[in-house]
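> First the structure, then my questions, so here it is.
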Amino acid sequence: MNVHHEPMEGREILGAPSNSRTSFFKGRYLDSPLMVDIEYIKYLTESHRVTDGTEVLERRAADHAYALSRLTPVIHDHDTLAGNKTRFIRGAIPYANYAAEPFLREMRKEEQDAQSQHMEQGKGGGIRKALLEAEQNGLRLISGKFLISKDEYEQFKEICTYWEDKCFMAQGNLLWKNHFRNASFIEDGWKIGLYTAPHEPCPEGRLILDFETALASGFNQVIRETEEKIRAFQPEDITEGAKINFWKAAITVLKGAIVFAENYAAEAEHLAESESDPARKAELMRMAEICSRVPMEPPRNFREAVQSFWFTYLLGHLEGSHLGYSPGKLDQLLYPYYKNDPNLTRSEAISLFEELFVKMTQIEYIASMSWQGLGHGNLYQNLILGGVDEKGERADNEVSMAILQAQINMQMTQPTLSVWWDEKLDSEFLLKASECVKTGVGYPAFFNQPTYVQHELKTSGLPLATIRKHSAIGGCTEPTLQGMAYGIVQAGFVNHGKIIDLVLNEGVDPVTGIRMAKPRKPGTFDEVRSYYLEIMQAAVRNWQQYWNYVMIAHRNTVPLVFCSVFVNNCLERGKCMDDGGALLNQSITTLSSGMVNVANSLAVIRKLCFDDKVCSIDELFKAVRENWQGHEGLRKKALAVPHWGNDDDYVDDIFLDLFDEYCDWVSGQNNYLGKPYDPSMLAISTPVPFGKVCNAFPDGRLKGEPLADGVTSPFPGTDVCGPTAVIRSSMKVDHTRIRGGLLNLKFHPSALKGVSGSKNMLALIKTYFEKPGFHVQFNVVDSRMLLDAQVHPENYRDLVVRVAGFSAYWVEMSKSLQDQVIWRTEHSL
Amino acid sequence: MDGTILNIQNYAVHDGPGIRTLVFLKGCPLRCAWCCNPESQSAGAQLRYISFRCKTCMACVEHCPTGSVSAGNGEVRRIFDECNACSGKNCIDACNYDAVSVSGREISSDELIKIIARDIPFYRNSGGGVTFSGGEPLMQGAFLLEVLQGCKKLDIHTTVETCGWSDRKTLHNILPFTNLFLYDLKIIDPGQHLCHTGQPVDPIIGNLKFIASENADIIIRFPLIPGITDTAQNVKNIAETMNVIKLNRICLEPYHSLGREKYDEHGMEYGLDHVVQYEHSQVIAFRDYFQELGFQCEIA
């Protein structure tokens, strides 16, 4: 390489916890192993064993409430915020009620699902710690990285056996495997890597509750109002009976939630009694007082508001197996309490956010190995700042600034911090946001609010003011309406790359020999394109229909009652979310990744085989099938054909055509709530496992290499015209058509240095968003630093980098994902 | 008309304000030993050979019409002087591993303006524009003028980075279409300048005085080269010259060896292998010197 003389450039902004307490929290987190905590599922199961015969919603509420009121209230040393999802610092709940099968298979030493052999998990950091402790202390491991005691392991095995035929996944399987006519297409799709693994182990999420109402009313008031609804109810239709079930369930679950908070109050009081340090004693007494007030009654000050939010948030988090369950617009929620608290200092608020962020990062999830690998342990708890209010005025405020400062100080992987961009935002706020980006942590990502508003106006028909006020990001990059929408509960991803394999091999998967489509031998460009579309359409449609079957079982096994209470207008309508209680039900998406490789491949086919007649289509396909070996000359010509990301219409037009075809086709099928499926494209870490199962492509990509990531990020190494050309290509896409999208840009620190560097970055965002783009995020790292971090992970324990819709600790990422991040084109000078 | 360029970079942020497109024009009258774009010195196209990509498949040897490439001991040997970067580009086509390429290509002023114009929205939002560098852009004066005029028609901010070695007329012509000059001053002592750059310094200082008298916006760029330009006397001379011409802004460019490999790749000799890069504190000391004299001084 011709740059090895250059000294390594570090991160411009470093940041450190603002005080010794939060510094302790971060250190404690980094030193803790990953644990699995079966307490919640144990109590839930205990209840479920005796609630048989109860109506589904009421049973679900009773089980959740039973568990909530019995969970051990753990207050760790120095904590000032009460409430944890598990008893451990880094703990995960194994939701066997969602999917017992993957756990059982592991415990029975059976083979994991087909995808998991292509997945790779990280091996450093807390994961390494867990592996070491397992060895030393005779503990057991679940899902490759979580510790559990031998006794609890046995208990858990029994719990899983109980759920084996009752869990959501088993009940869903009964439906679709027996009744869906194309069931074999789905199963074959998994075998060949056309789809991500079954999503049932962690389907919930991309959901944001109406915390505003939860705080302002308090749980007691919500219970009173619901009781009033039951009293005033006059049925006029036989189906309305379910309303009473839901309302009763709501009251049950809220009462359980109150006990959960009260248990923390009692624990704080108990700890205070035996505390010898007067300062800590006072803190514990204050905690006890706060926990006996919120979330039952409205908060009276900022600290109570944060505590009330955190309890409400946790209670929803506990209920389901979530990925992407999000806090949403926390700066908007907390600003009134911040502004009206005469005793609060800015540094106290920042410290509280620092503590909150550690708590959010401490939540782990355990699911199938495949999904753990895909999500890389990240929970995608998206916290979005700024944007505009219902009147269209800028909404960034002092709390937005405090949150940014807290993240600059802490650099935790959670929350997934985002900014709603709007041209009205304050420049000081935007500069603070870019300062945060320059820590290298990858947060915040920037999202264009007007683009999403357009999308929602077109699809939901809700009023502009409502959309503006509630728009937030649920999960990594999927926009939704906070407190008003059903979660974005989709089946998983379709692998466009695998479709290229099928097109090149007459409908047969070259790796497994499984036939997925009618045999065709395309002879013209149009025939190639239509063959691709034919297979894409089958892949998408079957995926959607399969998922509609699965979600029938969701309603019958794991409907979210607590969460429904805080999604409008479930209580008003007397319907939980699964019965269509939410105002927005078009939030279910169909996801895919790898379309850039398809567009590049089609461009190469058109150029080499038809425009320039360099080779025949048979010759090209043969070279690709042979992984280009012995065809280096032809591969060189393929790579010279314009690729996506260089603002070249030759290939960009092909991408736009495919994009439109995909969007039109996706929304042609209704979801299980009666609304059209919403097209979406993102990536998480799918490009790595999806690429692993694919042969070489006509675009010059070699067998096994990762796919292009995100929606509009170029394939690594093929964007040769610089970052503005990448953005100009991306600008051509109508981002208002999809729910979610992704553009990764990686910059060398020198390109963004200083205030002028920040301003240039903001100008780049503004230019992209004026068009309008939807999302852009930055990795500001020196690739040589990352290479060094591969060799000396011990020096980079706290290095966080942006992977896709999330950031992760470098040392906990798999080697292949690390390589991919390094490989992404680094824009520097 | 057509010109010869080396490269176009977008999102350039170190050569003028805001987000810029940076155009490297080929050809330079100076021969500075520390040049980090050695392939920009000669006016015509040049062959580039990146040896670590070479798989010694010998395809280039078979396809070379001049015999300037030969094989021996499993190695490819190139005689750059005998290679004329032939129009057939035989060895480039033959190479499957991107080990051979050509530095420099012809482009019409219209096409170049079109490429520059693509980033107008980025310029507008960042206060950026286009910067012409090189090489010495004034070597292709007529071409540069056409492109500058085209850019001004589109209201694009223009910057010219120059070593100042040019006939007065060319400089006079581009003045109305140039918003900012990044003007290199290397060595003030005439003998030393001639020795290290191959050209006399007087015309350079004369041209600088001329554009200053025409009220051009100027930032001086001063390459800090250990033992060559960084002597106490020369640094003092630079400051005095700027004082005389009433210039206030200076940007220090500390020596680096990033262009080192490119010498080998183009079959050129590098004369500064013995030179050690500065410690950051040394560069700061130079900056402080200029700042204490009242100059606005930055480090590149």
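> Could you tell me whether the stretch A:39-49 includes any residue that is of a type in the set (D, E) and in contact with a Phe, Trp or Tyr (Cβ under 8 Å, 6 or more places away or on another chain)? Steps first, answer last, please.
Of the residues in the stretch A:39-49, the ones of a type in the set (D, E) are A:39, A:46.
If we keep only those that are in contact with a Phe, Trp or Tyr (Cβ under 8 Å, 6 or more places away or on another chain) as well, we get A:46.
Yes, the conditions are met somewhere in the stretch A:39-49.
> Only one of these conditions is not met by B:V69: (1) touching a strand residue (DSSP E or B) at 6+ places or on another chain (Cβ under 7 Å); (2) outside the structural domain of B:M139 (by TED's automatic domain parsing); (3) modelled with pLDDT of 85 or more. Which number is it?
(3)
> At least 2 residues that are within 14 Å of chain A (Cβ to nearest Cβ) and under 30 Å from A:D648 (Cα atoms) in each: list the strands (runs of 3 or more DSSP E) lying fully within the stretch B:64-143 that qualify.
Details: elements: B:69-72, B:75-78, B:100-103, B:105-108, B:129-133.
Here the list reads B:100-103, B:129-133.
> Can you tell me how many residues within the stretch B:60-75 are touching a residue at least 24 places away in the same chain (Cβ under 8 Å) and in contact with a Phe, Trp or Tyr (Cβ under 9 Å, 6 or more places away or on another chain)?
1
> Among the residues of the stretch B:1-34, which ones are over 27 Å from A:N760 (Cβ atoms) and either under 14 Å from the mean Cα position of the chain (by Cα) or within 14 Å of chain A (Cβ to nearest Cβ) (or both)?
Step one: list which residues in the stretch B:1-34 are over 27 Å from A:N760 (Cβ atoms), which gives B:1-4, B:26-34.
Across the stretch B:1-34, the qualifying residues are B:T4, B:K26, B:G27, B:C28, B:P29, B:L30, B:R31, B:C32, B:A33, B:W34.
> Can A:V528 be described as buried (at least 18 other Cβ atoms within 10 Å of the Cβ) and either closer than 30 Å to A:Q482 by Cβ or in contact with a Phe, Trp or Tyr (Cβ under 9 Å, 6 or more places away or on another chain) (or both)?
Values: buried (at least 18 other Cβ atoms within 10 Å of the Cβ): yes; either closer than 30 Å to A:Q482 by Cβ or in contact with a Phe, Trp or Tyr (Cβ under 9 Å, 6 or more places away or on another chain) (or both): no.
For A:V528, the condition - buried (at least 18 other Cβ atoms within 10 Å of the Cβ) and either closer than 30 Å to A:Q482 by Cβ or in contact with a Phe, Trp or Tyr (Cβ under 9 Å, 6 or more places away or on another chain) (or both) - is not met.
> Among helices (runs of 4 or more DSSP H) lying entirely in the stretch A:578-667, which contain 2 or more residues that are among the basic types (K, R)? Before you say what the answer is, go through the steps one by one.
On the way: elements: A:595-604, A:617-625, A:632-640, A:649-666.
Fully inside the stretch A:578-667 and qualifying: A:617-625, A:632-640.
> Does the stretch A:156-212 hold any residues that are in contact with a Phe, Trp or Tyr (Cβ under 7 Å, 6 or more places away or on another chain) and among the hydroxyl-bearing types (S, T, Y), and which are they?
A:Y195, A:T196 - these are the residues of the stretch A:156-212 that are in contact with a Phe, Trp or Tyr (Cβ under 7 Å, 6 or more places away or on another chain) and among the hydroxyl-bearing types (S, T, Y).
> Residues of the stretch B:34-57 being in a loop (DSSP other than H, G, I, E, B) and under 30 Å from A:G630 (Cα atoms), which ones? Talk me through it step by step, then tell me what you get.
If we filter the stretch B:34-57 for residues that are in a loop (DSSP other than H, G, I, E, B), which is where we start, we get B:34-37, B:41-45, B:50, B:54-57.
Once the filter is applied, which keeps residues that are in a loop (DSSP other than H, G, I, E, B) and under 30 Å from A:G630 (Cα atoms), the stretch B:34-57 yields B:I50, B:C54, B:K55, B:T56, B:C57.
> Given the residues A:I617, A:I605, which is the only one that is buried (at least 23 other Cβ atoms within 10 Å of the Cβ) and more than 13 Å from A:S729 (Cα to Cα)? Write out each step before concluding.
Numbers: A:I617 fails: buried (at least 23 other Cβ atoms within 10 Å of the Cβ).
Every option except A:I605 fails the conditions.
> Restricting the search to the stretch A:281-304, which residues are of a type outside the set (D, E), surrounded by fewer than 24 Cβ atoms within 10 Å (Cβ to Cβ) and over 16 Å from A:I75 (Cα atoms)?
Of everything in the stretch A:281-304, those that are of a type outside the set (D, E), surrounded by fewer than 24 Cβ atoms within 10 Å (Cβ to Cβ) and over 16 Å from A:I75 (Cα atoms) turn out to be A:R293, A:M296, A:P298, A:P299, A:R300, A:N301, A:F302, A:R303.
> Take A:F769 and decide whether it is within 19 Å of A:Y452 (Cα to Cα), in contact (Cβ under 8 Å) with a residue 24 or more places away in the chain, among the aromatic types (F, W, Y) and within 12 Å of chain B (Cβ to nearest Cβ).
Values: within 19 Å of A:Y452 (Cα to Cα): yes; in contact (Cβ under 8 Å) with a residue 24 or more places away in the chain: yes; among the aromatic types (F, W, Y): yes; within 12 Å of chain B (Cβ to nearest Cβ): yes.
So A:F769 fits the description; yes.
> Given the options A:L323, A:L344, name the one that is buried (at least 20 other Cβ atoms within 10 Å of the Cβ) and among the hydrophobic types (A, V, I, L, M, F, W, C).
Details: A:L344 fails: buried (at least 20 other Cβ atoms within 10 Å of the Cβ).
Selected residue: A:L323, the only one of A:L323, A:L344 that is buried (at least 20 other Cβ atoms within 10 Å of the Cβ) and among the hydrophobic types (A, V, I, L, M, F, W, C).
> Let me ask something else. With the condition being away from every other protein chain (no Cβ under 14 Å), I'd like the helices (runs of 4 or more DSSP H) fully within the stretch B:229-300 carrying at least 3 qualifying residues.
Details: elements: B:232-245, B:260-265, B:280-292.
Passing ranges, in order: B:232-245, B:280-292.
> A further question follows. Considering only the stretch B:184-197, I want to know if a residue exists there that is among the charged types (D, E, K, R), in a helix (DSSP H, G or I), in the same structural domain as B:L22 (by TED's automatic domain parsing) and out of contact with any strand residue (DSSP E or B) (no Cβ under 9 Å at 6 or more places or on another chain).
The initial filter retains those residues of the stretch B:184-197 that are among the charged types (D, E, K, R), namely B:184, B:186, B:189.
Checking which are in a helix (DSSP H, G or I) leaves us with none.
So far as the stretch B:184-197 goes, no, none of its residues is among the charged types (D, E, K, R), in a helix (DSSP H, G or I), in the same structural domain as B:L22 (by TED's automatic domain parsing) and out of contact with any strand residue (DSSP E or B) (no Cβ under 9 Å at 6 or more places or on another chain).
Conditions (1) touching a residue at least 40 places away in the same chain (Cβ under 8 Å); (2) hydrophobic (A, V, I, L, M, F, W, C); (3) surrounded by 23 or more Cβ atoms within 10 Å (Cβ to Cβ), marked per residue:
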position: A:F659; (1), (2), (3): yes, yes, no
position: A:Y672; (1), (2), (3): yes, no, no
position: A:A683; (1), (2), (3): yes, yes, yes
position: A:K692; (1), (2), (3): yes, no, no
position: A:G700; (1), (2), (3): yes, no, yes
position: A:L707; (1), (2), (3): yes, yes, yes
position: A:A725; (1), (2), (3): yes, yes, no
position: A:T736; (1), (2), (3): yes, no, no
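The values are calculated or read from the model by the stated rules, or taken from the named source; none is laboratory data. Keep in mind that what you see is a predicted model, and the values were worked out from it rather than measured. Methodologically, a virtual Cβ is constructed for each residue, glycine included, from the backbone with ideal geometry; neighbour enumeration extends over all protein chains shown.
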